[in-house]
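J.: Questions regarding the structure given below will be posed in turn.
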Amino acid sequence: MLQVEFVSAEEVRCIESERQVLLNFKASLVDYDGSLCLSTWGAEEDKRECCQWMGVGCSNQTSHVEILNIGGCQLRGEIPIFLMDLQHLKYLDLSFNKLGGSIPRQLGYLPKLKYLDLNFNNLVGSLPSQLGNLSKLQFLDLSFNDLEGTIPSQLGKLSSLHTLFLKFNGLKFDNENHMGGQWLSNLSLLTHLDLSEVSNLNNSNTLLQMIDSNQITGTLPDLTVFPSLKILSLDTNRLSGKIPDTIKLPPHFESLDVSSNSLEGGIPKSFGNACTLRSLRFFNNSLNEELQLIIHHLSGCARHSLQELHLDSNHINGTMCDFSTFSSLKGLYLSENRVNGKILENISFPPQLETLDIAENSSKGVITDYHFANMSKLQFLDLSDNSWALIFSHNWIPPFQLEIIQLRSCKLGPSFPKWLQTQFYFTMLDISHAGISDNVPEWFWPLVATNLILMDISYNNLMGTIPNFPLRLIEFPLISLAANQFEGPIPPFLRRALELDLSKNKFSDSTLFICANGTNKGLGKLDLSHNLLSGKIPDCWNNFKSLAYLDLSNNNLSGQIPSTIGSAVELKVLILRNNSLIGNLHSSLRSCTKLVMLDVGENKLSGVIPSWIGGTLQQLKMLILRRNHFSEKLPLSLCYLSNIYFLDLSSNNLNGQIPKCFKNFSAMAEDEFLLHDAPTYTMNHTFELHFYPTTYIYDYDLIALLMWKGVESIFKNDKMLLKGIDLSSNQLTNEIPSEIEDLVGLVSLNLSRNNLSGKIPLKIGRLTSLDFLDLSRNHLSGSIPSSLTQIDRLSVLDLSHNYLSGEIPTGTQLQSFNASSYEDNLNLCGMPLQKDCTKEEPSKEPLIKFDEDEDSLLCLGFYISMAFGFVIGFWGIIGPIAVKRSWRHAYFRFFNDLADDIYVRIAITVAKWKLWLKD
């Protein structure tokens, strides 16, 4: 790389024409991220010396600009064509920006250019053939852009080129000039090659020392055709199968990277005979040999030269080996394999080792100070997620100074590990789930404050109060003290964390922490749930400008929601569940327009559900107001929550009808792939923190406590988070709107314990994703829709305590439920109920057949006519008699005379029959 030569500030040597080119270049670009890379560039008199501008280098003899190095400045715009006016430019680095457009062909007219780096931009279009004019070019890197088309053969004219990087574009060779073509062979000095397309590695270039490609298929190819090859990088290709045992490496080969492929088996024995081999990267493959055999194959002369061995993220099994014979090994990576069994007491690791990563295996046994003897250079130690017990001598002083300590799930306790007191420079510490049951010693807190960027000591049984030291934490550490026994007030110094998890402890006071002087610009996630916090929530949230996640659930907090909580306008998750909060949902929350989850369930909040929830909080995915005292009707503004995934308004005093416009919940109308017991929800949730000159992006989880199949269950976004509506235990009336049939993505629907009437929607079977349906304890009538049999995922159904009638539709799904799912519907029959459905057969077929609808209309008309006839006939006779007395007397006299007459006639007839019988 060329060196920048600066001239003294006393002598202005900048050539004015070139200064104007640079100023025009600055004017053509936009600095969106505030990197200030070009802040020293200007037209002011005190900035005339362009040779002292940041990223600009001038010749000490001619004062011409020879170097322009502004890589990594996040600048946007296009590469201007007037850069060709810098005719003495030798070094041009615009990498790691956000430059778009095409590569100007005018760059091919910079006759002295030796170094051109445009990688990691947004460049598009084809590769200009004019680049072949750069006869002095030695280094060309255009990788990681969106270039496309064929690679021009004119690049073969770059006779001075020793490094060519074109990887991760859409560039291809044409049919006539493929990898074995003439133009690449003309690059006789080429030692480093990085291409996007290589179908084979056969080439006549004997000086090639490094090859990097991302389109290789098959197994590892023959490398002997490149006798000078030292570095081969084939990561993220399509390699598969076993590496042939017959393969050989070139005589001076140093580094092989075949990570992120699908290679199987093990490492050939010939690799152990490569006496110059320094680095092997096989991580993220499917190697499945025993570790002992792999190490045995590498135990030739390579054991003296090998410095890095990456075997992580494979399927390697067997037990831990002795690596002490690998005298030069600096990095050993075995994490995420299947190494098992006990670690032997007498094995040791190389004395030169700097990184030891054996995390996430199935190994067990005891690790002692013997295993770390003579390892004075160890800096990175990760033994997490094994079944190891770390038992060291009481006064053991490690020979190393660690920077990274990750011992999650290893047994370190019950005493707090005293040897940590000797480590002064660590930046990351994870001793969570380590079985420690002890008071945290006083020496620990000052120790972690020096260079800490991550500390996780959660899920132990650590005790005591945390002192409020004025500790100087470096920028934005991640701290988790969750699931311990810490008590007392929360010290304010912890506010300097970026993510702070203090949940599941016994902290009793958060006032000092929340209301400490000074605006907090860094804290993005704060979890104080499951503590002993009491009293009112401190009203000082205007100090938290970056807070995106706040969880105060499961405490003893009371009073109203403070007004300043609306000042945290970056909030995406607010969880206040299971406290004793009263009053209304404070209107200041309407300012938190980025809210994705609002959970204030299980409190004593009252009043109406405010209309601004749907009006301004339209990003909500989860709204949980359950078990409060909200009353009156459901606001129609809820229908604006098109992104809602779960709506829980259960156990309140809500009345009125269910709005038909719930069909606007478009997120619930999307049917996604779901597991049987619960759905999978894979959406990533992130929050950003902007600090000059970098933007930090962090993930957070949506964790909700929901009623699922009658039991409160915790749901997490990366495992299971269902789409559901729960309006149970309210006073809702009228019919279930048929529009609910459009929410085909629903997994859970609970409308139980209301005053709903009418029929179950006829096409409810369209909700084919339903796993849970509870309509019990309402006033529903009519028959069970036959469409319900179409829901084959239904595992919980409760239609009990209604007025349903008729036969339960025949279908394996509905008959498989317990009879209690249908109980207390007196006119319901059929399996699984014991009540049979009997039907009376008609004596004969009717002369005229009607379809079902016409027959229903005819029967209805007949009954109406019969009722009218009866009323008219009855009152036509009885009415006059009841009104006029003379008519009433005449009526009864008529019937008396008629009875007497009938009696006389019967008596005479009987007498005649007797006389006839005597004769």
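J.: For residues that are more than 41 Å from the chain's Cα centre (by Cα) and of a type in the set (A, V, I, L, M), scanning just the range 95-139, find the one that is farthest from F165 (Cα to Cα).
T.: Per the criteria, the residue is L110.
J.: Which one of the conditions (1) of a type outside the set (D, E, K, R); (2) at pLDDT 95 or above; (3) in a loop (DSSP other than H, G, I, E, B) does G522 fail to meet, given that it meets all the rest?
T.: Going through (1) of a type outside the set (D, E, K, R); (2) at pLDDT 95 or above; (3) in a loop (DSSP other than H, G, I, E, B) one by one, G522 breaks only (2).
J.: Something else now. Here is a check on your reading of the model: is S279 under 19 Å from L234 (Cβ atoms) and at pLDDT 95 or above? Don't jump to the end; show me each part of the working.
T.: Working: under 19 Å from L234 (Cβ atoms): yes; at pLDDT 95 or above: yes.
Here the answer is yes, as S279 does meet what is asked.
J.: Out of the residues in the range 813-830 that are buried (at least 17 other Cβ atoms within 10 Å of the Cβ) and assigned to a loop (DSSP other than H, G, I, E, B), state the one that is nearest to the chain's Cα centre (by Cα).
T.: Taking the range 813-830 first, the residues buried (at least 17 other Cβ atoms within 10 Å of the Cβ) are 814, 817, 821-822, 825, 828-830.
With the extra rule that they be assigned to a loop (DSSP other than H, G, I, E, B), the set shrinks to 817, 822, 825, 830.
Working: F817: 35, Y822: 40, N825: 44, G830: 46 Å.
Residue satisfying both the conditions and the ranking: F817.
J.: Please work out if F271 is within 30 Å of N374 (Cα to Cα), touching a strand residue (DSSP E or B) at 6+ places or on another chain (Cβ under 6 Å) and surrounded by 15 or more Cβ atoms within 10 Å (Cβ to Cβ).
T.: Details: within 30 Å of N374 (Cα to Cα): yes; touching a strand residue (DSSP E or B) at 6+ places or on another chain (Cβ under 6 Å): no; surrounded by 15 or more Cβ atoms within 10 Å (Cβ to Cβ): yes.
Against the criterion (within 30 Å of N374 (Cα to Cα), touching a strand residue (DSSP E or B) at 6+ places or on another chain (Cβ under 6 Å) and surrounded by 15 or more Cβ atoms within 10 Å (Cβ to Cβ)), F271 does not qualify.
J.: What are the pairs, 6+ residues apart or on separate chains, where a residue within the range 723-752 that is at positive phi and part of a loop (DSSP other than H, G, I, E, B) has its Cβ under 9 Å from a residue that is modelled with pLDDT of 95 or more and small (G, A, S)?
T.: S729/S650; S729/S651; S729/S752; N734/G656; N734/S757; N734/G758
J.: Surrounded by 18 or more Cβ atoms within 10 Å (Cβ to Cβ), assigned to a loop (DSSP other than H, G, I, E, B) and either in contact with a Lys or Arg (Cβ under 6 Å, 6 or more places away or on another chain) or in contact (Cβ under 8 Å) with a residue 24 or more places away in the chain (or both): does that describe S143?
T.: Taking the combined requirement at face value, the residue satisfies it.
J.: Would you mention how many residues in the range 768-778 are of a type in the set (D, E, K, R) and assigned to a strand (DSSP E or B)?
T.: As a first pass, look at the range 768-778 and keep what is of a type in the set (D, E, K, R): 771, 774, 777.
Filter again for assigned to a strand (DSSP E or B), leaving 774.
Adding up the residues that qualify gives 1.
J.: Testing G583 on (1) surrounded by fewer than 16 Cβ atoms within 10 Å (Cβ to Cβ); (2) on the phi < 0 side of the Ramachandran plot; (3) more than 26 Å from the chain's Cα centre (by Cα); (4) not acidic (D, E), one condition comes back false. Which one is that?
T.: The one condition G583 does not meet is (2).
J.: Looking at P467, P446, P417 in this structure, which one is over 24 Å from L523 (Cβ atoms), in contact with a Phe, Trp or Tyr (Cβ under 9 Å, 6 or more places away or on another chain) and not acidic (D, E)? Step through it out loud before you land on a result.
T.: Details: P467 fails: over 24 Å from L523 (Cβ atoms); P446 fails: over 24 Å from L523 (Cβ atoms).
The conditions single out P417.
J.: Same structure, new question: What about S255, is it farther than 26 Å from D385 by Cβ, buried (at least 17 other Cβ atoms within 10 Å of the Cβ) and in contact with a Leu (Cβ under 8 Å, 6 or more places away or on another chain)? Show your work before the answer.
T.: Numbers: farther than 26 Å from D385 by Cβ: yes; buried (at least 17 other Cβ atoms within 10 Å of the Cβ): yes; in contact with a Leu (Cβ under 8 Å, 6 or more places away or on another chain): yes.
For S255, the condition - farther than 26 Å from D385 by Cβ, buried (at least 17 other Cβ atoms within 10 Å of the Cβ) and in contact with a Leu (Cβ under 8 Å, 6 or more places away or on another chain) - is met.
J.: In the range 423-448, which residue that is of a type in the set (G, A, S) and within 19 Å of Q406 (Cβ to Cβ) is nearest to the chain's Cα centre (by Cα)?
T.: S432
J.: Take the conditions in contact with a His (Cβ under 9 Å, 6 or more places away or on another chain) and not in a loop (DSSP other than H, G, I, E, B) and apply them to G765. Does it pass?
T.: On the way: in contact with a His (Cβ under 9 Å, 6 or more places away or on another chain): no; not in a loop (DSSP other than H, G, I, E, B): yes.
No; evaluated as a whole, the condition is false for this residue.
J.: Okay, next question. It is to be established whether one or more residues within the range 140-157 are within 39 Å of the chain's Cα centre (by Cα) and among the aromatic types (F, W, Y).
T.: yes
J.: Still on this model: Can you find a residue that is in a loop (DSSP other than H, G, I, E, B), modelled with pLDDT under 95, more than 24 Å from R766 (Cβ to Cβ) and within 29 Å of the chain's Cα centre (by Cα) anywhere in the range 654-677?
T.: No; the residues of the range 654-677 include none that is in a loop (DSSP other than H, G, I, E, B), modelled with pLDDT under 95, more than 24 Å from R766 (Cβ to Cβ) and within 29 Å of the chain's Cα centre (by Cα).
J.: Would you tally the residues in the range 779-797 being within 21 Å of C829 (Cβ to Cβ) and in a loop (DSSP other than H, G, I, E, B)? Write out each step before concluding.
T.: Of all residues in the range 779-797, those within 21 Å of C829 (Cβ to Cβ) come to 779-789, 794, 797.
Pick out the ones that are also in a loop (DSSP other than H, G, I, E, B) and you get 783-785, 794.
Within the range 779-797, residues that are within 21 Å of C829 (Cβ to Cβ) and in a loop (DSSP other than H, G, I, E, B) number 4.
J.: When you go through S335, S348, S313 one by one, which is the residue that is surrounded by fewer than 19 Cβ atoms within 10 Å (Cβ to Cβ) and in contact (Cβ under 8 Å) with a residue 24 or more places away in the chain?
T.: S348
J.: Considering only residues that are in a loop (DSSP other than H, G, I, E, B), surrounded by 17 or more Cβ atoms within 10 Å (Cβ to Cβ) and at pLDDT 85 or above, which ones fall in the range 454-482?
T.: I457, S458, Y459, N460, L462, I466, L481, A482
J.: Here is a check on your reading of the model: is F349 modelled with pLDDT of 95 or more and among the hydrophobic types (A, V, I, L, M, F, W, C)? Reasoning before the result, please.
T.: Values: modelled with pLDDT of 95 or more: no; among the hydrophobic types (A, V, I, L, M, F, W, C): yes.
Judged against the criteria, F349 is not a match.
J.: For G765, state whether it is surrounded by fewer than 22 Cβ atoms within 10 Å (Cβ to Cβ), on the phi < 0 side of the Ramachandran plot and at pLDDT below 95.
T.: On the way: surrounded by fewer than 22 Cβ atoms within 10 Å (Cβ to Cβ): yes; on the phi < 0 side of the Ramachandran plot: yes; at pLDDT below 95: yes.
Criteria met by G765.
J.: Where residues in the range 352-403 are among the β-branched types (V, I, T) and part of a strand (DSSP E or B), which of them is surrounded by the most Cβ atoms within 10 Å (Cβ to Cβ)? Even if it seems obvious, please write down each step before you answer.
T.: If we filter the range 352-403 for residues that are among the β-branched types (V, I, T), which is where we start, we get 355, 358, 366-368, 391, 397.
Among the residues that remain, those that are also part of a strand (DSSP E or B) are: 355, 366-367.
Details: T355: 18, V366: 13, I367: 22.
So, considering only residues that are among the β-branched types (V, I, T) and part of a strand (DSSP E or B), the one surrounded by the most Cβ atoms within 10 Å (Cβ to Cβ) is I367.
J.: Any chance the range 492-507 includes a residue that's of a type outside the set (S, T, N, Q), closer than 23 Å to S335 by Cα, in a loop (DSSP other than H, G, I, E, B) and out of contact with any Phe, Trp or Tyr (no Cβ under 6 Å at 6 or more places or on another chain)? Please lay out each step first, then the result.
T.: Initially, the range 492-507 is screened for residues of a type outside the set (S, T, N, Q), giving 492-502, 504, 506-507.
When the remaining residues are screened for being closer than 23 Å to S335 by Cα, the result is none.
No, the conditions are met nowhere in the range 492-507.
J.: On the given criteria, is A516 at negative phi and in contact with a strand residue (DSSP E or B) (Cβ under 9 Å, 6 or more places away or on another chain)?
T.: Values: at negative phi: yes; in contact with a strand residue (DSSP E or B) (Cβ under 9 Å, 6 or more places away or on another chain): no.
It is false that A516 is at negative phi and in contact with a strand residue (DSSP E or B) (Cβ under 9 Å, 6 or more places away or on another chain).
J.: Same structure again: Counting only residues that are within 23 Å of D382 (Cβ to Cβ) and assigned to a loop (DSSP other than H, G, I, E, B), which one in the range 290-312 is farthest from the chain's Cα centre (by Cα)?
T.: Once the filter is applied, the top-ranked residue is L298.
J.: Let me ask something additional. Only one residue in L239, L263, L232 is buried (at least 17 other Cβ atoms within 10 Å of the Cβ) and more than 30 Å from the chain's Cα centre (by Cα). Which one? Break it down stepwise before answering.
T.: On the way: L239 fails: more than 30 Å from the chain's Cα centre (by Cα); L263 fails: more than 30 Å from the chain's Cα centre (by Cα).
Selected residue: L232, the only one of L239, L263, L232 that is buried (at least 17 other Cβ atoms within 10 Å of the Cβ) and more than 30 Å from the chain's Cα centre (by Cα).
J.: Let me ask something else about it. Looking at the range 232-252, which of its residues are among the β-branched types (V, I, T) and closer than 22 Å to S313 by Cα? It would help to see each step written out before you state the result.
T.: The initial filter retains those residues of the range 232-252 that are among the β-branched types (V, I, T), namely 236, 243, 246-247.
Of everything in the range 232-252, those that are among the β-branched types (V, I, T) and closer than 22 Å to S313 by Cα turn out to be T236, I243.
J.: Do we find that S437 is surrounded by fewer than 16 Cβ atoms within 10 Å (Cβ to Cβ), assigned to a loop (DSSP other than H, G, I, E, B) and without any contact (Cβ under 8 Å) to a residue 24 or more places away in the chain in this structure?
T.: Numbers: surrounded by fewer than 16 Cβ atoms within 10 Å (Cβ to Cβ): yes; assigned to a loop (DSSP other than H, G, I, E, B): yes; without any contact (Cβ under 8 Å) to a residue 24 or more places away in the chain: no.
Judged against the criteria, S437 is not a match.
The values are calculated or read from the model by the stated rules, or taken from the named source; none is laboratory data. Not measured: the values here are computed from a predicted model. Positions of Cβ are generated from backbone atoms using ideal geometry, with glycine treated the same way; all protein chains shown enter the neighbour counts.
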